[in-house]
Amino acid sequence: MREKLEEIRRRALAELADYASTDRIEEVRVRVLGRQGELTAVMRGMREVPPEQRPEIGRLVNEIKVQVEARIEVLAAAAARAALEHALTQERVDVTLPGVRSSCGRFHPLTLAGERILDILVAMGFEIVDTPDIEDDFHNFAALNFPPGHPARDMQDTFFVDAGLLLRTHTSNGQIRVLERRRPPLAVVCPGNCFRRDELTVRSSPMFSQMDVFMVDEIGRVTMAHLKGVLIEFLRAFFGPDTRVRFRASFFPFTEPSAEVDIGCLLCGGAGCRVCKQTGWTEILGSGMIHPNVLRAVGHDPESYQGFAFGLGVERMAMLKLGVDDLRLFFENDHRFLNQFPATDEGVL
Amino acid sequence: MRLPLRWLREFLEIAASPTEIADRLTMAGLEVEAIENHAPAFAGVVVARVLTVERHPNADRLSLCEVDAGPIGRFRVVCGAPNVRAGMVSAYAQVGARLKAAGHGAVEQAGGFAPQLEAAVIRGVRSEGMLCSERELGLSAEHAGILDLSNGSEPGTDLAEYLQLADTVLDVTVMPNRGDCMSIFGLARELAALFGVRVRTLSRRRAAKARDGVGHLSIAVDIRDPDLCPRYAALAMERVRIGPSPLWLQRRLELCGMRAVNNVVDATNYVMLELGQPLHAFDLRRLAGPKIVVRRAGNDREMVTLDGIARTLVADDLLICDAERPVALAGVMGGQNSEVGETTDAVLLESAYFDPVAIARTSRRLGLRSEASARFERGIDRAVQVTALWRVAELIRKYAGGRLCGQVTDVDAKPAEPRTITLDVGRMEGLLGVRVPLPEVRRRLRAIGAQVASAPGNRLYVTVPSFRGDLSEMADLAEEVARLKGLAEVPATLPPGAGRVAVEREWQRSFRCASRDLMLGCGLTEVRTISLTAAAENERFGGLDRAAPVRLQNPLSAELGEMRRSLLGGLLQALRFNLNREASAFHAFEIGRVYGLVGDAALEAERLAALTYGDYVLGRIGAPPVRADFFTLKGIVERYFEGLGLDAAVRFEPLTANEVPYLHPGKAARIVLDGRSAGVIGELHPAEARRLELAYACALCEVDLSVLMTYESSPRRAIEPPPRFPSVGRDLALVVDRGLPADQVVRAVVEAGPAWLERVELFDVYEGEPMAVGKKSVGLACRYRARDRTLTDAEVNRAHEELIARVTTRLGAELRA
Ligand SMILES: [Zn+2]
């Protein structure tokens, strides 16, 4: 019996050589250690062993079992390692193929510009108020010191609609809407769409977006100097800290004094070029001290309150910043234009 | 307003360069749009008198002329012009002259210097230079004969100088409040104030000369409507000879953008440009006597203006009439019945002040905008009427040979009081934010022509000049004070209020930003479309419930005739635009307003619309892409509501037939938020898709943001810690009627379960074998979890069996084996 066991051990270990295949290892495991295996057979035949030898034989069977199991474990680990290595040499993908993807959305450039402008203004203490696009004559014209028949109304060709209403020609109706129901101090920005009777061309559009920004407080608390301070701060935040800003006297019915604001031409840096008509300056927005008649129209005494206002065109700000010179691009929504903008609203405009 | 600097310098001695003048005007609110340099197309041409004209000995068509060029000398030239005659004054190009437009059919020189003119031998006779036509001088295309300068010019004078051809013209934008700057004199006055120099006024004596030979005709002026015409002055002249104006005068009109007509009309235009007072000349013989009546049109319905067009009048139009009938539409255009023409020999000259609003109304209504109406609308100087009459009389006397028939009739029916404003200097400084010393304030206000007197306190009485009707209160004067020095002296300061925290939360803005972010995250690109649309589009996409479309009364075109009622038309248009431009897929959204009219009130609502078309998810290479359809867009909308924290509140309910006609009736739903309709979603109706020539299904949705915005600024459920006890899952498959919406099955299961049924998820819907026709199997995964203990298998099994029993009864369903 002893010899038989030694023979089992010798044969198993010989077969479990270093490079035994996975199949061979499994075959040995089943033959030697399986339920019908050689070691089980020995244990079953123990009756035929003389009783004094039985402990000795049992110990030997166990020793062989542990020994074979250990050897199998070593070999199995090696085989698994080899198989993995083999697999890794075979499983290679072309990492340059495209990934599984859905389309990438983009912000509209007018959103990028508009949100950037609002970020700056909100940080400067202005609150945002939405106001209607369809207006009456009072809020769009009369209260803003455009008397009926005044030639200044001609500067803004108006769309009229039924019920005696019109499409606002500027967001300055926001001044009236806010001032007629609230008392100063106020610092407000009214963004929104405006409409004028212009065809859609490179330079004009029947619809465009504006923001009317105004600050009203007691006499002397908001002066023309503050208007200049806020505008310079604002324009430098948007166009860059080195932006040059100048104020030119101008005319708007709803401000007095009025000032047109220019920034140094972004294209030529002030040297003069085709875009700035050789002046080195680009017109960017209109501004001024709110006209006393505007305050009167909404029931605020111009002897007690004063304020400043400025109105900016979002398209114009975006066009200058982006170097785009065709207004139609903003409303055609050509994917080849829009796809150039990022899918984040940070750091572009 | 075009400003030729030579003309300006007649009123102003100013050393500044054109660029300096332009800069100063621009900074003071009179923006100079362009600086034009005009140069003559020739050099070395002088005025010369033709002394004798003889036949050329060798050519019938040519003449041999002796010309006198004054101090330069006398010359013999060969001339081919048919109009040459002895005594004529013309343009003589000396030997050595340069003519850019060489004429005689020669090719024009391409810039640079033309070659010098040489003495030539023409048919055997030497010609020392040449007499020139207008074309040869580059003045016009006229080439029928040599230039005729017989109207008062000295031989030997440099022609370019005489015609004032070398000049610089500034194109000045005059804002509607500055009518006083609509003239050469007005701009001179403004520049004098800006540069601190004196302006020269028209010489009284020069004007007075025109009073020679005054006759005894007196003109009666009857102003019936002084509210529209407070002042009317008239003057008559006879023995007028109509003809062309001198070339220099024509040239000045042309530089100012006006066309020369004849010496009388040109004289009125010249004075208008010079002094800003529009003038009109009537043919005196065609008037019914020397009488002018100024009145409203009243019952007069029509009059023919001098362009030959019959104009329909309204009662408030202001008319100029003679004793019998209307002869002019006041301030806008003269009548044909009294027009000055070639046979005119006597004129009545009008110089009046008309109400700006009345003129603006009439000229706008008739679409008749003229240089005159532009000035009346802005408001002219209330004091210049008579000066202008004398000035035009002088010009007519000089260049059209007219003689006065009598004195000026000047009716000032409503004399204007000078306006005095009390200026609180401290208040002005409070507006501007800068201190200006009192003497400086006085100096600047005097510079613009105001009279300034001291008033008690830190105040001034400021009497504004007659030509500055735009100055009416403190703020106006503050602007003048700031403007004259340029706004650069106002310092830039940040207001004390800046930096304060905005009072209202920007909820609406955050909401829009969140909506955009979520849409972008789903792969949709933001678009902006114009909110004007065609009536047909509005009809197609319906709109705000019960609201009528907002119609434009003066649209640019029918295509842009109404305010949109839906964002979908614009999105589909953008889709089509891109498909025409190499796009094969398009996934876009827009946030914007839609409009309607309820009675007399306008309604504006904010919406979000989205569209997906074509490949939406591109799988790995070799695997098919996911193409956009109802379910891809529904996934986007579900993700949107989940992102907003509203997923528990939203349901998709099938539409009733034709409820939304532009959507596919079987692939469309209403989006319902807590029982309220919040929008629609679906695939575009196949008929619409065909109309737009779309190859694939196009999924659309439109959500009413005003409904969404009614939720709290951050709609969120209470935050709970992650569960501490494990969950137990049990699946079930129910066989139900095919038409039963899956979400009703899910809801029934939820209702049938115990409180600790945490979640029910649908994972499969199957129709076909072995199910009976008209049935489907719905596979659901139920997840049970108690918050306070680990569930035992036994209690889960019992609860799940009870759930099955209840739900099968409730839905008439069977459990699938
Ligand atoms: Zn430039």
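Being of a type in the set (Ser, Thr, Tyr) and under 30 Å from B:LEU255 (Cβ atoms) is the filter here; which residues of the stretch B:266-319 pass it? B:THR268, B:TYR270, B:THR305 - these are the residues of the stretch B:266-319 that are of a type in the set (Ser, Thr, Tyr) and under 30 Å from B:LEU255 (Cβ atoms).
With respect to the numbered conditions (1) within 11 Å of chain A (Cβ to nearest Cβ); (2) farther than 24 Å from B:LYS634 by Cβ, which one is the sole condition not fulfilled by B:VAL527? Answer for B:VAL527: the failing condition is (2). A:PRO147 satisfies every condition listed in (1) more than 9 Å from chain B (Cβ to nearest Cβ); (2) out of contact with any His (no Cβ under 8 Å at 6 or more places or on another chain); (3) at pLDDT below 95; (4) under 23 Å from A:ASP301 (Cβ atoms) except (1).
A:MET207 satisfies every condition listed in (1) away from the ligand (no atom under 13 Å from the Cβ); (2) without any contact (Cβ under 8 Å) to a residue 60 or more places away in the chain; (3) in contact with a strand residue (DSSP E or B) (Cβ under 8 Å, 6 or more places away or on another chain) except (2). Evaluate the stretch B:21-39: report whether one residue or more is more than 14 Å from chain A (Cβ to nearest Cβ) and over 35 Å from the mean Cα position of the chain (by Cα). The answer is no; no qualifying residue exists. Considering the stretch A:157-184, and only residues there that are surrounded by fewer than 18 Cβ atoms within 10 Å (Cβ to Cβ), of a type outside the set (Phe, Trp, Tyr) and within 11 Å of chain B (Cβ to nearest Cβ), the residue that is nearest to A:GLY286 (Cα to Cα) turns out to be A:ASP157. For A:LEU235, the criteria (1) more than 17 Å from A:GLU283 (Cβ to Cβ); (2) surrounded by 20 or more Cβ atoms within 10 Å (Cβ to Cβ); (3) touching a Ser or Thr at 6+ places or on another chain (Cβ under 9 Å); (4) more than 9 Å from every other protein chain (Cβ to nearest Cβ) hold in every case but one, which is (1). As a summary of the residue check, A:ALA343 satisfies the conditions (1) more than 9 Å from chain B (Cβ to nearest Cβ); (2) away from the ligand (no atom under 16 Å from the Cβ); (3) more than 28 Å from B:GLU429 (Cβ to Cβ) except for the one numbered (1). Restricting attention to the stretch A:240-282, and to residues there that are among the β-branched types (Val, Ile, Thr) and part of a loop (DSSP other than H, G, I, E, B), which single residue is farthest from the ligand (Cβ to nearest atom)? So the residue we want is A:THR243. Does B:GLY289 meet the test of being modelled with pLDDT under 90 and over 35 Å from the mean Cα position of the chain (by Cα)? Considered against the rule, which asks whether it is modelled with pLDDT under 90 and over 35 Å from the mean Cα position of the chain (by Cα), B:GLY289 comes out as yes. Selection of the stretch B:142-162 for residues being touching a strand residue (DSSP E or B) at 6+ places or on another chain (Cβ under 8 Å) and part of a loop (DSSP other than H, G, I, E, B) yields B:ILE146, B:LEU147, B:ASP148, B:LEU149, B:SER150, B:SER153, B:GLU154, B:PRO155, B:GLY156, B:THR157. Residues of the stretch B:678-687 being assigned to a helix (DSSP H, G or I) and under 15 Å from B:GLU659 (Cβ atoms), which ones? Hits for the stretch B:678-687: nothing passes.
Could you say whether any residue in the stretch A:200-214 is touching a Ser or Thr at 6+ places or on another chain (Cβ under 6 Å), closer than 27 Å to B:ALA475 by Cβ, in the same structural domain as A:ASP301 (by TED's automatic domain parsing) and surrounded by fewer than 22 Cβ atoms within 10 Å (Cβ to Cβ)? No: the stretch A:200-214 contains no residue that is touching a Ser or Thr at 6+ places or on another chain (Cβ under 6 Å), closer than 27 Å to B:ALA475 by Cβ, in the same structural domain as A:ASP301 (by TED's automatic domain parsing) and surrounded by fewer than 22 Cβ atoms within 10 Å (Cβ to Cβ).
Against the conditions (1) without any contact (Cβ under 8 Å) to a residue 40 or more places away in the chain; (2) under 20 Å from A:LEU327 (Cβ atoms); (3) facing another protein chain (nearest Cβ under 9 Å), A:CYS265 satisfies every one except (3).
Rundown of residues vs (1) over 41 Å from the mean Cα position of the chain (by Cα); (2) part of a helix (DSSP H, G or I), yes/no style:
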residue	(1), (2)
A:GLU73	yes, yes
A:ALA79	yes, yes
A:GLU85	yes, yes
A:LEU88	no, yes
A:VAL95	no, no
A:PRO98	no, no
A:ARG106	no, no
A:LEU112	no, yes
A:LEU118	no, yes
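Inclusion of A:ASN193 among residues that are within 34 Å of the chain's Cα centre (by Cα) and at the interface with chain B (Cβ under 9 Å from one of its Cβ atoms) is warranted. Look through B:VAL411, B:VAL357, B:VAL392, B:VAL386 and report the one residue that is assigned to a strand (DSSP E or B) and either more than 24 Å from A:ILE219 (Cβ to Cβ) or away from chain A (no Cβ under 14 Å) (or both). Answer to the selection: B:VAL411. Each residue in the stretch B:423-439 was checked for being in contact (Cβ under 8 Å) with a residue 24 or more places away in the chain and exposed (fewer than 15 other Cβ atoms within 10 Å of the Cβ), and 1 pass. The residue of the stretch B:560-574 that is farthest from the chain's Cα centre (by Cα), among those that are over 15 Å from A:ILE134 (Cα atoms) and within 12 Å of chain A (Cβ to nearest Cβ), is B:LEU572. Applying the condition of being closer than 15 Å to A:ALA249 by Cα and of a type outside the set (A, V, I, L, M) to the stretch A:283-310 and asking which residue is farthest from the ligand (Cβ to nearest atom) yields A:HIS291.
The values are calculated or read from the model by the stated rules, or taken from the named source; none is laboratory data. Everything numeric in this text was worked out from a predicted model, so none of it was measured. Methodologically, a virtual Cβ is constructed for each residue, glycine included, from the backbone with ideal geometry; neighbour enumeration extends over all protein chains shown.
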